Amino acid sequence: MRKNNSYTISKSVFITIIALITNTLHAQQQTITTNSSSDFWKNVQFGGGIGLGFSTGYTNISSSPSAIYNFNEYAALGLGAQYTYIKQKNFYNANLYGGSVIGLLNPFPQIQLSAELEQLRVNVNFDDANSNSQDFWNTGLFLGAGYRSGYATIGARYNVLSDKNNIYGSAFMPFVRVYF
């Protein structure tokens, strides 16, 4: 009987030790996961832009939120969304919507280089009964450079995929980029 009792106690001690070790490992794993998750969000910045343009018979309203992840002080990568509404009275109205991927390089604290691939769906409805509506995709690849101070960068970008059918008035565009 004593042998059986000894075996039962040994078995109980062994199970208790395994349970404690497993619980300790699980707690450490949760701590590591929590820290790496919070480190991720410490490197994320949100920003974007809004645009309003009005004149006689013309309206242009746009919104373009975005977020970037800073790998270090020199490089960042992010995603953006865009929506634009344009109306020219007695001529047309258009909806543009889509997304983009942006890469940022900061070789010096004040200089920011950028590359942005943008894909927009364009829906144009003409007011003239003889004109057809247009629905198409527009792709832009913008390369840019700007001066950075704090959270803001002011500069210019150029659409290297621009052609005569481009939805923008020009391949060259100024920008103001803000990330918090």
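Label-to-label distance for Asp127 and Ala115 is 4.3 nm, based on points extended 7 Å past Cα in the beta-carbon direction. Other residues lying with their Cβ under 13 Å from the Cβ of Gln45 contribute a combined charge of +2, Lys and Arg counting +1, Asp and Glu -1.
How charged is the neighbourhood of Gly78? Take every other residue with its Cβ under 14 Å from the Cβ of Gly78, and add Lys/Arg as +1 and Asp/Glu as -1.
It works out to a net charge of -1.
Ordering Leu113, Gly146, Phe91 by the projection of their Cα atoms onto the charge dipole of the stretch 45-178, which places +1 on the Cβ of Lys and Arg and -1 on the Cβ of Asp and Glu, puts Gly146 at the extreme positive end. Sparse packing (at most 15 other Cβ atoms within 10 Å of the Cβ) combined with a DSSP loop state is found for the following trypsin sites (Lys or Arg not before Pro) in the stretch 44-137: Lys89. Multiplying the residue separation of Ala67 and Gln88 by 0.36 nm and removing their Cα-Cα distance gives an extension gain of 4.4 nm. Of all aspartates and glutamates in the structure, the ones whose alpha carbon falls short of 18 Å from that of Lys164, not counting any fewer than 8 places away in one chain, are Glu118, Asp135.
Coordinate-derived values only; no laboratory data. A quick note: this is a predicted structure, and the numbers were derived from the prediction, not measured. Virtual Cβ from ideal backbone geometry, glycine too; neighbours counted across all protein chains shown.
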